[in-house]
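Undergrad: Here you go, one structure.
The values are calculated or read from the model by the stated rules, or taken from the named source; none is laboratory data. Here the structure is a predicted model, which means the values were calculated and not measured. FYI the Cβ positions are ideal-geometry reconstructions off the backbone, even for glycines, and counts take in every protein chain you see. Just the protein is used for accessible areas: all its heavy atoms, side chains included, with ligands, DNA and RNA removed. Shrake-Rupley method; radii C 1.70, N 1.55, O 1.52, S 1.80 Å.
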Amino acid sequence: MGQKSAKISGVKIRDEFWSPIQDLVMEEMLPYQADVLEDKADVTEKSHAVQNLRIAAGETKGEYHGLVFQDSDLAKWLEAVAYALNVKPIPNLEKKVDEIIDLIGRAQQADGYLNTYFTVKEPERKWQNLQECHELYCSGHMIEAAIAYYEATGKDKFLNIMRRNADLICSKFGPPESGKERGIPGHQEIELALLRLHEITGEKSYLETAQYFLDERGREPDFFMEETEKRDWKHFGMDPANREYAQNHLPAKEQAHAVGHSVRGIYMYSAMAKLAAETGDEEWLNACRALWENITGKRMYITGGLGSTVAGEAFTIDYDLPNDTIYAETCASIAMVFFARYMLEIEPKGKYGDIMELQLYNGALSGMQLDGKRFFYVNPLEVVPGVSGVLHGFKHVKPQRPEWYACACCPPNLARLITSLGQYAWGENKDTVFNHLYLGGRADLELAQIGCETNYPWDGSIKYTVTPKQGRNFKLAIRIPGWCNQYKIKIKDKEYESEEIGGYMYIQREWSPDDIVEVKLHMEPKRIYANSMVRAAAGCVALQRGPIVYCLEEVDNHPNLAALRLPRTSKLKAIQHNGITVLEADGLRLEAEAALYSDVPPKTQPVTLRAVPYYYWGNRKPGGMRVWIQEG
């Protein structure tokens, strides 16, 4: 029994936690990113993305600037603005988007080709280096932006531009026996974009080409080596023999372990899940299930972070989860939200909603400063002053969020996630409404209009006002989080008992207008322990309350966080502070000795430990941070 995610236009968020963040994105982040993309912001790393389009359109002279996939930064920003227009009108940004769309149309070539790097810099090398040069990746993001803008505004100019580009791709790549060229994208994304384009247009070739790219992956493990041998040039100098890096080591249906570049992999797994939902192919679904279990059971950080090593921005092996040399790219957490969404559409199970929630409140949200103008690419679980960002092997782990990046995939990706938040909260099928996330606001669905009031994640009380639209007899399925051990549900002040199935509580009744459903999730601070195979967390404990993972910061606990101990007998206390919930506990600090080594155990002094939400760290004074605390 599957379900479809709610249309973003039908969900209006009025939430104590997320609405201020959405406002921040719309009022600060999107205008700031527009200035960066147009080279108007005073940042170290210039974007030049809009200027590249002007050069490609022949409207100005100049040199291409930026990475080969610079177009994708602009595409994600355009998509973010489209989603924002579902939240509220933003006339100045909509006008800017329309102007950029016109420019994109003028930069597009007659056959539908659209890529500023190859149009401006190396036109003779189009489509020769799929492994490194990201033409398909950039097209995928532009297609998704065009879909989002069409759905938000009804304007179809951008959609038609990208349909011409998609038609070119579909005519070029496919089985050789059909007269087309073999090919797979080096960076997966186009697969998901084509599936979404098929969904709104019904054009069969988009579905067929998406399926071809997924079917073809791993069928010829040496494809990128063969591609390299056909040309006498490289771009990044990536190793075409590293099959796992590109998830090309096995046919996609046979892959059961998450390997290689984490973002590329999870984008592909998301497309596999959407294809499984579209076609009903059990082999695709079983592959997705196996990959999901491997990621969440053996290769994911407690915050939802994904990718253990800077070498290839990649997964490594089971239980290898270092805290201080971590990668955990923001984009990987965002991709995991997509994967969870499409798995939920196939089989509504609480474990998918749990991970979606974990990523949103922790692994993804930590990627942005609370002023909307600084961003993390890497999201560490431990920062040590003088080491992180300084020493060899740690330079990728920044102790503070930078303003921008030469490779700026994460900032606009985060913006498009937050502005599209409504589509992840609700879903429905012919007889059931599903609530996946507790977001205050109102959902206008096929079966009902449902209002939601809550102060989640700081409080576990959620109140629904349900008004049926068609038949009165339908089910409301409310996800009960995996972290919640006790809960109560009341309808019209009477306790309701029903069977919990797959992490959802199903309520079926004859609904009346404005029926009230109240849910109370028991929320208390918890100690979380890692599997004993996780070396980096041995002897340590992490703290969590509700969906929020916590960390210690130097600004609250003084330098040398490694010297702190949390006795197993200490009670955790939740305290409201500056609009958030912090945790406090009695702890110990090991006192430093003069000698480097000694046969005398260190002395201890009592201290009060204070932990703040992980997403919140790095917003005050610079200093150390750690999630895992030695338990003493």
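Undergrad: Among the residues of the range 112-119, is there at least one that is buried (at least 21 other Cβ atoms within 10 Å of the Cβ) and outside any helix (DSSP H, G or I)?
TA: yes
Undergrad: Just name the residue that is surrounded by the fewest Cβ atoms within 10 Å (Cβ to Cβ) out of those in the range 133-158 that are charged (D, E, K, R) and farther than 26 Å from residue 240 by Cα.
TA: Selected residue: 156.
Undergrad: Could I ask something else about it? Within the range 377-392, take every residue that is in contact with a Pro (Cβ under 7 Å, 6 or more places away or on another chain) and in a loop (DSSP other than H, G, I, E, B) and give me the one that is most open to solvent (accessible area, probe 1.4 Å).
TA: My answer is 385.
Undergrad: Follow-up. Would you pick out the residues in the range 210-236 that are without any contact (Cβ under 8 Å) to a residue 40 or more places away in the chain and open to solvent by less than 50 Å² (accessible area, probe 1.4 Å)?
TA: Hits for the range 210-236 are 212, 215, 216, 218, 221.
Undergrad: Then there's this: Which pairs have Cβ atoms under 6 Å, sit 6 or more apart or on different chains, and link a residue in the range 489-505 that is under 16 Å from residue 466 (Cα atoms) to one that is open to solvent by 50 Å² or more (accessible area, probe 1.4 Å) and at pLDDT 90 or above?
TA: 489/496; 490/518
Undergrad: Among what's in the range 591-611 and is at pLDDT 95 or above, among the β-branched types (Val, Ile, Thr) and open to solvent by 70 Å² or more (accessible area, probe 1.4 Å), pick the residue that is nearest to residue 551 (Cα to Cα).
TA: 608
Undergrad: Say we look at the range 120-132 and pick out the residues that are within 24 Å of residue 59 (Cβ to Cβ), assigned to a helix (DSSP H, G or I) and in contact with a helix residue (DSSP H, G or I) (Cβ under 8 Å, 6 or more places away or on another chain); which of these is least open to solvent (accessible area, probe 1.4 Å)?
TA: Only one residue fits best here, namely 120.
Undergrad: Would you mind finding the one in 393, 427 that is modelled with pLDDT of 95 or more and at positive phi?
TA: Of 393, 427, the one residue that is modelled with pLDDT of 95 or more and at positive phi is 393.
Undergrad: Only one of these conditions is not met by residue 189: (1) farther than 18 Å from residue 268 by Cβ; (2) crowded, with 16+ Cβ neighbours inside 10 Å; (3) touching a helix residue (DSSP H, G or I) at 6+ places or on another chain (Cβ under 6 Å). Which number is it?
TA: (1)
Undergrad: May I ask you to list the residues in the range 48-78 that are open to solvent by less than 10 Å² (accessible area, probe 1.4 Å) and either over 13 Å from residue 116 (Cα atoms) or not polar (S, T, N, Q) (or both)?
TA: 49, 50, 53, 68, 73, 74, 75, 76, 77, 78
Undergrad: Taking only pairs six or more apart or across chains, which ones have beta-carbon atoms under 9 Å, a first residue in the range 454-465 that is on the phi < 0 side of the Ramachandran plot and assigned to a loop (DSSP other than H, G, I, E, B), and a second residue that is among the β-branched types (Val, Ile, Thr) and surrounded by fewer than 18 Cβ atoms within 10 Å (Cβ to Cβ)?
TA: 458/580
Undergrad: Only one residue in 37, 24, 30 is open to solvent by less than 50 Å² (accessible area, probe 1.4 Å), over 20 Å from the mean Cα position of the chain (by Cα) and not charged (D, E, K, R). Which one?
TA: 37
Undergrad: Taking the range 485-514, which residues are buried (at least 17 other Cβ atoms within 10 Å of the Cβ) and outside any strand (DSSP E or B)?
TA: Passing the criteria: 503, 511.
Undergrad: Can you tell me which of (1) open to solvent by 10 Å² or more (accessible area, probe 1.4 Å); (2) farther than 19 Å from residue 549 by Cβ is the one residue 339 doesn't meet?
TA: Exception for residue 339: condition (1).
Undergrad: Can we say residue 74 is closer than 21 Å to residue 30 by Cβ and of a type in the set (A, V, I, L, M, F, W, C)?
TA: yes
Undergrad: Name the single residue, out of those in the range 393-436 being of a type in the set (D, E, K, R), closer than 30 Å to residue 323 by Cβ and in contact (Cβ under 8 Å) with a residue 60 or more places away in the chain, that is most open to solvent (accessible area, probe 1.4 Å).
TA: Ranking the qualifying residues of the range 393-436, first place goes to 403.
Undergrad: Among 344, 285, which is the only one that is buried (at least 24 other Cβ atoms within 10 Å of the Cβ) and either at pLDDT 95 or above or under 18 Å from the mean Cα position of the chain (by Cα) (or both)?
TA: Selected residue: 344, the only one of 344, 285 that is buried (at least 24 other Cβ atoms within 10 Å of the Cβ) and either at pLDDT 95 or above or under 18 Å from the mean Cα position of the chain (by Cα) (or both).
Undergrad: While we're here: Would you mind listing the strands (runs of 3 or more DSSP E) fully within the range 515-580 where at least 1 residues are open to solvent by 10 Å² or more (accessible area, probe 1.4 Å)?
TA: 515-521, 525-528, 540-545, 564-566, 573-577
Undergrad: Would you be able to tell me the number of residues in the range 299-329 that are within 24 Å of residue 562 (Cβ to Cβ), open to solvent by 40 Å² or more (accessible area, probe 1.4 Å) and hydrophobic (A, V, I, L, M, F, W, C)?
TA: 1
Undergrad: Okay, next question. Which numbered condition in (1) at pLDDT below 95; (2) more than 19 Å from residue 615 (Cα to Cα) is the only one that residue 373 fails?
TA: For residue 373, the exception is condition (2).
Undergrad: So which residues in the range 583-597 are touching a Pro at 6+ places or on another chain (Cβ under 8 Å) and either in a loop (DSSP other than H, G, I, E, B) or closer than 21 Å to residue 526 by Cα (or both), if there are any at all?
TA: Correct list: 583, 586, 587, 588, 591, 592, 593.
Undergrad: For residue 296, are the conditions met, namely being surrounded by fewer than 21 Cβ atoms within 10 Å (Cβ to Cβ), of a type in the set (S, T, N, Q) and either under 19 Å from the mean Cα position of the chain (by Cα) or part of a strand (DSSP E or B) (or both)?
TA: Against the criterion (surrounded by fewer than 21 Cβ atoms within 10 Å (Cβ to Cβ), of a type in the set (S, T, N, Q) and either under 19 Å from the mean Cα position of the chain (by Cα) or part of a strand (DSSP E or B) (or both)), residue 296 qualifies.
Undergrad: I've got another one for you. Being touching a Phe, Trp or Tyr at 6+ places or on another chain (Cβ under 9 Å) and surrounded by fewer than 21 Cβ atoms within 10 Å (Cβ to Cβ) is the filter; apply it to the range 175-186 and report the residue that is nearest to residue 260 (Cα to Cα).
TA: 183
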